[in-house]
Amino acid sequence: MRIISRVSLAVSAAAIALTMGAAQAQEKLRIGTEGAYPPFNNLTADGQLVGFDIDIANALCEEMKVECEFVTQDWDGIIPALQANRFDAIIASMSITDERMEQVDFTNKYYNTPPAIAAPKDTDIAGVTKEDLAGKAIGVQGSTTHSNYSEATYTDSDVRSYPTADEYKLDIINGRIDAVNDDITVLEEWLATEEGACCKIVGTITPVDEIHGKGAGIAIRKGETELAEKFNAAIDAIRENGKYKEINDKYFSFDAYGG
């Protein structure tokens, strides 16, 4: 009888351990991000992920009572990696567009800032129109709304795509391109650094919904509506309880959430 009782207790303990393990697994969310897009997400020299996206992700996970586990992924492969179950959601300043919504689902936006053009301080570029940039070489990060806009709009320019923002920055510093197109906050963050002292903001671009989308959202796999609803509730909660503003004010002098 004692042997049977001990066996029963051992089986019960194992069952409880398995249940607790499953519960703990459910309490962790794997978040995909790029790690090369400051001030939104960036890897420091010692390998730490920092930035607005990272802080927002951690705040959302805290609100949802789950643990964030970050996975870095090159931008070009970030949607396929989500679809392949490498992570559960993308929090990487991904604009909500119709094209992307054919591949993934999105939460509501968590920020919406305008794109801009930057150029060397001695540039003769006077604005951001097609005519202003005719004949110029424009650098953009590939597979972004900014590259899509540049290719569709600046048809009289030489639009050059780069794997990361760091690479187009290097080329404009060295005079290989005449201008760059990216989110204004990304450009302003760079211009405030020693290496960005070469350049200035020429002007902002009025977003085109069909290209730029309706702000940056969290991408999830198709059909995972329960997860989307949890994220949406958490976004609303941190907007209401002041956590969003606390994070926002750490990076920006304006409300990045947008109108």
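Before moving on, here are some points about what is shown:
- Extension gain, Arg86 back to Glu167 (0.36 nm per residue minus Cα-Cα distance, nm): 26.6 nm
- Here region 197-226 is scanned for amide nitrogen atoms under 13 Å from the site 7 Å beyond the Cα of Ala152 along Cα-to-Cβ, giving 206-214.
- Anisotropy class of region 84-185 from Cα gyration tensor, a/c 1.5 cut: prolate
- With the helix formula -39500 (n - 2.57) applied to DSSP H stretches of n ≥ 4, the chain reaches a computed 222 nm mean residue ellipticity of -12000 deg cm²/dmol.
- For region 97-153, the solvent-accessible area works out to 42 Å² per residue, with a probe of 1.4 Å and every protein chain left in place.
- FRET efficiency for Lys200 and Glu69, using Cβ-Cβ distance with R0 set to 45 Å, rounded to 0.05: 0.70
- Charge tally around Asn148: other residues with Cβ under 12 Å, Lys/Arg +1 each, Asp/Glu -1 each, net -3.
- Probe 1.4 Å - accessible area at Asp249, Å² to nearest ten: 80 Å²
- For the residues Thr185, Thr44, Thr164, a GNM of the chain with alpha-carbon springs under 10 Å puts the largest fluctuation on Thr44.
- Averaged per residue, region 208-259 has 55 square angstrom of accessible surface, using a 1.4 angstrom probe with ligands and nucleic acids left out.
- Counting only DSSP beta bridges with both residues in the chain, the antiparallel share comes to about 60 percent.
- Whether region 37-89 is rounded, prolate or oblate, judged on the alpha carbon gyration tensor where a/c under 1.5 counts as rounded: oblate
- Size of charge dipole - the chain - debye, nearest 20, with Cβ of Lys, Arg +1 and Asp, Glu -1, no other charges: 1160 debye
- Theoretical FRET efficiency, 1/(1+(r/R0)^6), r = Cβ-Cβ of Arg30 and Ala126, R0 51 Å, to 0.05: 0.65
- For Ala228, net neighbour charge (Lys/Arg +1, Asp/Glu -1) across residues whose Cβ lies under 12 Å away: -2
- Region 48-157 - percent of accessible surface contributed by carbon and sulfur, probe 1.4 Å: 41 percent
- Subtracting the Cα-Cα distance of Asp255 and Ala134 from their residue separation scaled by 0.36 nm leaves 40.2 nm.
- Net lengthening on full extension, Asp209/Glu224 (0.36 nm per residue, minus Cα-Cα): 3.0 nm
The values are calculated or read from the model by the stated rules, or taken from the named source; none is laboratory data. Nothing here was measured: the structure is a model prediction, and the numbers come from that model. FYI the Cβ positions are ideal-geometry reconstructions off the backbone, even for glycines, and counts take in every protein chain you see. Side chains included, ligands, DNA and RNA excluded: accessible areas come from the protein's heavy atoms. Shrake-Rupley method; radii C 1.70, N 1.55, O 1.52, S 1.80 Å.
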